[in-house]
Amino acid sequence: MTLNIRIIAPDKIVWDAEAEEIILPSSTGQLGILKGHIPLLTALDVGVMRVRINKEWRPIILLGGFAEVNNNNITILVNGAEEIKEINIEKAKNDLEKATNAVEEANSNKEKIEANQLLRKAKAKLQAAIVSNN
């Protein structure tokens, strides 16, 4: 038996597949889910969800949301998600540097909020790049 995972963003279904295990970026830390897990509802932070299929880990960037675990079905509702097939680590590092600069240069509250979101996404992409290259 496996886990049935469905990731739903506002505009599309990002992922609908079975997996052996997932690790979620919950708001309280990394949360591992295996088959037979007790029912659970948790908030998700911006970060990398890792999915294990056929003993291979795949990273997916989640942009915050909620996950429900019930009877080996995991439904993940997110603000946005991006499946990572290939990331250049150097590009991810450059994007992180640009996002860090944007946070430092932000003046208005709106600019600060937007820059912080970009920074969190850039950190998640770098983390995903590191995970996918290991």
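Remarks
- Dipole orientation for the chain: of the candidates 74, 96, 46, 74 has the Cα lying most toward the positive pole (charges on Cβ; Lys, Arg +1; Asp, Glu -1).
- Between 0 and 90°, nearest 10: helix 89-105 axis offset from the chain longest Cα axis: 60 degrees
- Among 45, 11, 95, residue whose mean-square fluctuation peaks in a GNM of the chain (springs only between Cα atoms under 10 Å): 11
- Candidates 119, 34, 24: whichever shows maximal mean-square fluctuation once the chain is modelled as a Gaussian network with Cα springs under 10 Å: 34
- Available extension along the chain between residue 52 and residue 73 is 6.1 nm, counting 0.36 nm per residue and deducting the alpha carbon span.
- Modelled label positions at residue 112 and residue 20, each set 7 Å beyond Cα in the direction of Cβ, lie 4.6 nm from each other.
- DSSP-defined antiparallel bridges as percent of all bridges, the chain, nearest 5: 90 percent
- For region 1-126, size of Cβ-based charge dipole, Lys and Arg +1, Asp and Glu -1, in debye: 140 debye
- Whole-Hz couplings from phi, Karplus 6.51/-1.76/1.60, listed for region 12-19; x for Gly and Pro: 5, 8, 7, 8, 8, 7, 9, 8
- Placing unit charges on each Cβ (+1 for Lys and Arg, -1 for Asp and Glu) gives region 3-83 a dipole about its Cα centre, and among 62, 7, 25 the Cα reaching farthest toward its positive end belongs to 25.
The numbers here are math on the coordinates, done by the rules we state, and not lab data. Everything numeric in this text was worked out from a predicted model, so none of it was measured. Here the Cβ is made from the backbone with ideal geometry for all residues, glycine too, and neighbour counts use every protein chain on show.
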